[in-house]
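Following: one structure in structure tokens, then a few remarks.
Bear in mind these aren't lab numbers, they're just calculated from the coordinates by the rules spelled out. The model shown is predicted, which means the values in this text are computed figures rather than measured ones. We place every Cβ from the backbone using ideal geometry, glycine too, and count neighbours over all the protein chains shown.
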Amino acid sequence: MEMTEKVEGRRERKRRQTRERIEQAAMSLFLERGFDATTIEEITEAADVSKRSFFDYFPSKEEVVFAWQDSFADRLMAAIAERPASDSSVKAVEEALIVTVTASADERAMALGELIHRTPTLKARDQLKYAKLEQKLTEALIARKGGDPQARTRMRLLSTIVIGALRVGSEVWQARAPDVSMEGASMEAFAREIFGELWKMLAEFGEETKTRLQGNSIR
């Protein structure tokens, strides 16, 4: 039994290493030559794997590019789970997202974001990541509530609002064309700025809603 577990461990480790090697080779080629100009054959040659092995891990070139998004969502969920139970849902999601975004803001990630931005086929697909993030964030927040089904609607609304802010923030960040050598602290400051604007805006909407409700009740 112990021998079987050890063999399975080695097999999984080998698969992970092969997948990472394909990802690294592909990303290097994409950033050097461009996404459309890079062929699967060039990726497999650089990664020293067969074409069949490539398709065992990735159905297409696009899937290689977006593999990092799944890991981002997983890190975000882990960060949510690590927040203190005393945190409100709003505080937990803000701090977890800032930590995850800041940790992901390295030079390679910035270059990848620019690659996606300037490649039409990738840019269209990139929008799907927000739907996935919203779903995973919702589940992570519900888990903090002990799986309470009554919390689902509120947590889904919170996730929709927060991921919407993330989407807008990402677009604004791209437009600013920041210096990638300063990504750490500046990215955290920028994320906090976006959240500050978000909560301020929601508070203003809340006051406007109260006014409209009071006006309707008078009539």
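Over the chain, the ratio between the Cα radius of gyration and 2.2 N^0.38 Å evaluates to 1.24. The calculated FRET efficiency for the pair Lys91 and Glu63, based on their C-beta separation and a Förster distance of 45 Å, comes to about 0.85. Helix 2-33 against the longest principal axis of the chain: what's the angle in degrees, Cα atoms only, rounded to the nearest 10? Approximately 80 degrees, to the nearest 10.
Once you order the gyration tensor axes a ≥ b ≥ c over the Cα atoms, which shape class does the range 62-118 get: rounded for a/c under 1.5, otherwise prolate or oblate by comparing a/b with b/c?
On the way: a/c = 3.26, a/b = 2.30, b/c = 1.42.
In terms of gyration-tensor shape, prolate.
Using a Gaussian network model on the chain with a 10 Å cutoff between Cα atoms, which of Ser53, Ser71, Ser86 fluctuates the most? In the Gaussian network model the winner is Ser86.
GNM remark for the chain: springs join alpha carbons under 10 Å apart, and the peak mean-square fluctuation among Glu12, Glu42, Glu20 falls on Glu12.
How big is the C-alpha Rg of the range 97-196 next to the rule-of-thumb value 2.2 N^0.38 Å, as a ratio?
Values: Rg = 14.9 Å, N = 100, 2.2 N^0.38 = 12.7 Å.
Scaled against compact globular proteins, the figure is 1.18.
Extension gain, Gln127 to Asp56: 0.36 nm times the residue separation minus the Cα-Cα distance gives 23.1 nm. Would you please classify the overall shape of the range 13-67 from the alpha carbon gyration tensor, given that a ≥ b ≥ c denote the square roots of the eigenvalues, rounded means a/c under 1.5, and beyond that prolate means a/b larger than b/c while oblate covers the rest? Prolate is the answer for the range 13-67, as a/c is 1.5 or above and a/b outweighs b/c. List the pairs from Lys61/Lys132; Lys91/Lys136; Lys91/Lys200; Lys14/Lys123; Lys132/Lys200 whose alpha-carbon separation is above 24 Å, in the order I gave them. Over 24 Å apart, Cα to Cα: Lys14/Lys123; Lys132/Lys200.
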